[in-house]
1. For the stretch 219-228, enumerate the residues that are within 12 Å of the ligand (Cβ to nearest atom) and outside any strand (DSSP E or B).
2. Within the stretch 1-46, which residues are free of Cβ contacts under 8 Å to residues at least 40 places away in the same chain and either under 22 Å from Gly76 (Cα atoms) or of a type in the set (Ser, Thr, Tyr) (or both)?
3. Yes or no: Ser61 under 15 Å from Ile100 (Cα atoms), away from the ligand (no atom under 16 Å from the Cβ), of a type in the set (Gly, Ala, Ser) and surrounded by fewer than 17 Cβ atoms within 10 Å (Cβ to Cβ)?
4. Any idea which of Ile248, Ile288 is within 16 Å of the chain's Cα centre (by Cα), among the β-branched types (Val, Ile, Thr) and modelled with pLDDT of 95 or more?
5. Quickly run through the stretch 248-294 and pick out the residues that are within 21 Å of Gly40 (Cα to Cα), within 16 Å of the ligand (Cβ to nearest atom) and polar (S, T, N, Q).
6. If only one of Arg194, Arg174, Arg200 is charged (D, E, K, R) and closer than 29 Å to Gly94 by Cα, which one is it?
7. Tell me, which residue of the stretch 165-202 that is in contact (Cβ under 8 Å) with a residue 40 or more places away in the chain and aromatic (Phe, Trp, Tyr) is farthest from Ser113 (Cα to Cα)?
Amino acid sequence: MNKLSTRQRTLAGEISFAGYGVHSAQPVTLVIGPAAPDKGFLIRRDLGNGTYTEPVSVHFSRVSRTTLCTTLDLGGSVSAATIEHVTSALSGMGVDNALITLDAAECPIMDGSAYPFAVAILEVGLETQPAPKKFLKILRSVTVRNNDAFAALEPYNGRALDLEIDFDSKVIGRQRMMFDWTPRRYFEDVSRARTFGFVRDAKILRQAGYALGSSLDNSITLHEDRILNPGGLRYEDEFVRHKLLDAIGDLSLGGLPIWGKFRSYKGGHALNAHVLSGLFSSDANYEIVGAEDLPLEFEAFDDQPAGLEVNHYLRSVR
Ligand SMILES: [Zn+2]
């Protein structure tokens, strides 16, 4: 029961990123730092001159928009857009508690993936906290649909995602990924997958005020069955991997890591938010359990990318 893997984790220090929003093209500085046990992911806006908005939970009940990205309402007409790659990195790397601070209305897009955030988390290291880990255990299947698209949360003895996409594009087509979560697998197989878009949509999006900051530096760009990025793809099926990356980020808005299986077909930010609303619509759908109530053989949290355990060790002997 005293195993490190059953306890909550936060960042061992602050990490910061300077960049710009993929939709707004606004410059922004993002700082992610430690937070107390049982706080989950908190977010606040740096208003300048040493003033901040009150930190609020990164929670699906605060989702104000899901057009092309997930946007949160922080209260007092302050919002935070495109948070899903940041929350994906935190959740994917096994962080339970963190404080996110932004000085503009949209998170920096960086290279379009969660990799820069995941690397920084790896470098700063994680600190084990005294409180036991808690999970949102799925007790009853919840499915939400939109035409032939769906998203579902199902009871499952582990943490898994099974995601399928089907695009009318020869380059993408139909892709499926089944993923059993560990921090190492997230880092290696998911975190580097970039967001993507079609040249044919770019004009309309920009007229509507989206994708103003998108470029080949932060998006896989497709034009008539060709990939325009000179370096090509990072993974052969990078598209479905990015959708999985997004789903991990969006599902973290449930407030706790999910113990169960997420399945989706042609899903996206809207269905991801709706399936969480569906889950919380009845107390019979879920229960909050401590790590001690889960199978002891579950050691996914110990499957860390090389480097993390070293940091961890150094901190514990200091
Ligand atoms: Zn994304």
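The values are calculated or read from the model by the stated rules, or taken from the named source; none is laboratory data. Quick caveat, the model's predicted, so the values are computed rather than measured. Here Cβ is always computed from backbone atoms with ideal geometry, including for glycine, and neighbour counts include all displayed protein chains.
1. Residue satisfying the conditions is Ser219 alone.
2. Scanning the stretch 1-46 gives a single hit, Ser16.
3. No; evaluated as a whole, the condition is false for this residue.
4. Numbers: Ile288 fails: within 16 Å of the chain's Cα centre (by Cα).
Just a single option satisfies the conditions, and that option is Ile248.
5. Ser252, Asn272
6. Only one candidate passes the filter, namely Arg194.
7. Per the criteria, the residue is Phe167.
A quick yes/no check of all residues on (1) surrounded by fewer than 21 Cβ atoms within 10 Å (Cβ to Cβ); (2) on the phi > 0 side of the Ramachandran plot; (3) within 16 Å of the ligand (Cβ to nearest atom); (4) of a type in the set (Val, Ile, Thr):
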{"position": "Lys39", "(1), (2), (3), (4)": "yes, no, no, no"}
{"position": "Leu42", "(1), (2), (3), (4)": "yes, no, no, no"}
{"position": "Thr53", "(1), (2), (3), (4)": "yes, no, no, yes"}
{"position": "Ser57", "(1), (2), (3), (4)": "yes, no, no, no"}
{"position": "Leu72", "(1), (2), (3), (4)": "no, no, yes, no"}
{"position": "Asp103", "(1), (2), (3), (4)": "yes, no, no, no"}
{"position": "Gly112", "(1), (2), (3), (4)": "no, yes, yes, no"}
{"position": "Ile121", "(1), (2), (3), (4)": "no, no, no, yes"}
{"position": "Leu126", "(1), (2), (3), (4)": "no, no, no, no"}
